[in-house]
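Each reported figure results from applying straightforward, stated rules to the coordinates on display, with no laboratory input. All of these numbers come straight from a predicted model, not from anything done at the bench. Note: ideal-geometry Cβ built from the backbone for every residue, glycine included; neighbour counts use all protein chains shown.
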Amino acid sequence: MLNDDFPLRVEAVPAAHTTEWRADDSFLPSETEAWQLIFVRSGTIEERCDDRHVLLRAGGLLFHQPGEVFAMTTVGEVPPETLRIDFYCTGAAMDRFRGAMLHAEPAEQHDLNWLANAANELFDAAPIPGGRPVVKEELPFGAMQQFIIHLENLLILLARRCRRLRRPVARVRRERRQNALVEDARAYFVENLERELKVDEVCEALGCTRPQLQQAFRARLRRTAMEEFSAMRIEYAAQLLARGASPGEVAAQMGYCSGAYFSQKFRAATGHTPSAYRRIQQGLPAKRQNRQQKDKPASKTTIAEPPQKKYNSDKGQAERPPTGNKSINIRRRLLWQFWLAVAPVTSAATPVWNFWPQGTTSSWPITTTTPAPRPWPASRRLPARTSALSRLT
């Protein structure tokens, strides 16, 4: 009798056997009449489960439910060794093993090894590959009951692990709650796109707190709830503009306080004003042209390019344009040469250059004397300086 104390009970084991296969063995598909457990002790096999194929390596576990078509093909060069147990079992806990593929843990490995060794002591090998083994005529006292006890212990351990794995962790549960909250909020936003919403109103409609709503949107969408609502409103306004509605009509329909505020929000989100976006969707230029721009022909003149700098190959650089008047530069050069020619022969009392006009006074000492210059070597008096003096006189 099944109850909370005995959730699993194996009623009978019609067949069980441990088989060593060759590298290229296989058997034809057949249908199971009871639950079937497959355990791969070594090697690799490909197991068929109705329409799907599962690859099982060493340590892998698989359950075939009653009425399922199964077949096996060996994979690889290592000869596999498998354990197959057919058993009748009642209990809702067996539903956890439907389509489950597990890997044996150390606690379960003890029972699996015991069952693999005891299977060949209780059953003879099948006459054909893939057939049903036959129970031996003489069995030790209580051998079948002991086999069933170990099988039930294995099923209980596996059922505990399946239940532990199926229970979502705290992070998964939190993500599911946040996803559900975000989807509900977006559905509420769609129903109220044509009016302004506040966070407190949304929280009251969804039955959540403000921190829960903001945390869910930041975790799932990387933005706040109101930012998502504004983006959805702008998207809906863009659809209305593309259908031919004017910016003023869209602003009034969407519940914006003014057309300028709507234009500011729309341009910040899309980069275009509502009028420009509407013209772009209609295949027109973004900016409307006036009558003068429409009648004005396109200019055919080209802008003159600036002259290129001449390159002086002797100096290895571009020539610089002359700065100032050329005659002024020549006059300065001549004055400098005159000063170099006259300065050595002047006396110590000769006044410095007097640029002040006659009859004017100044606090600056015009007649200040200069120290006696150093004697000018005769070898440095060049004819060019004398010629310059003669031209000035």
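Neighbour counts of other Cβ atoms within 10 Å put 48, 160, 171, 233 in the fewest-to-most order 171, 160, 48, 233. So if I take the centroid of the Cα atoms in the range 189-229 and the same for the range 256-275, what is the distance between those two points in Å? The range 189-229 and the range 256-275 have Cα centres spaced 22 Å from each other.
The loop-placed GluC sites (Glu not before Pro) in the range 51-131, going by DSSP, that have at most 15 neighbouring Cβ atoms within 10 Å of their Cβ come out as 77. Measuring nothing but how far apart in sequence close Cα pairs (under 8 Å, 6+ apart) lie, relative to its length, the range 9-166 scores a relative contact order of 29 percent. Stretching the chain fully between residue 243 and residue 149 yields a gain of 26.5 nm (0.36 nm per residue, less the alpha carbon separation). Relative contact order of the range 172-281, taken over Cα pairs closer than 8 Å and 6 or more residues apart, is 24 percent. In the calculated pair-distance distribution of the range 104-158, the portion above 16 angstrom amounts to 48 percent of the Cα-Cα pairs.
Its convex hull of Cα atoms gives the range 203-262 a direction-averaged projected area, equal to a quarter of the hull surface, of 5.1 nm².
For the range 172-281, the ratio of Cα radius of gyration to the globular rule of thumb 2.2 N^0.38 Å stands at 1.18. Modelled spin-label separation between residue 273 and residue 193, with each label point placed 7 Å from Cα along the Cα-to-Cβ direction: 2.5 nm.
Computed with the Debye formula from one identical point scatterer per Cα of the range 1-134, without solvent, the log10 of I(q)/I(0) at q = 0.11, 0.22 Å⁻¹ comes to -0.38, -1.61. Here 63, 266 are placed in order of increasing Cβ neighbour count within 10 Å, fewest first, which gives 63, 266. By definition, a body whose alpha carbon gyration tensor gives a ≥ b ≥ c is prolate when a/c is 1.5 or more and a/b is larger than b/c, and the range 69-176 fits this prolate description. With the simple spin-label model, which puts each label point 7 Å out from Cα in the Cβ direction, the residue 219 to residue 9 separation comes to 4.5 nm.
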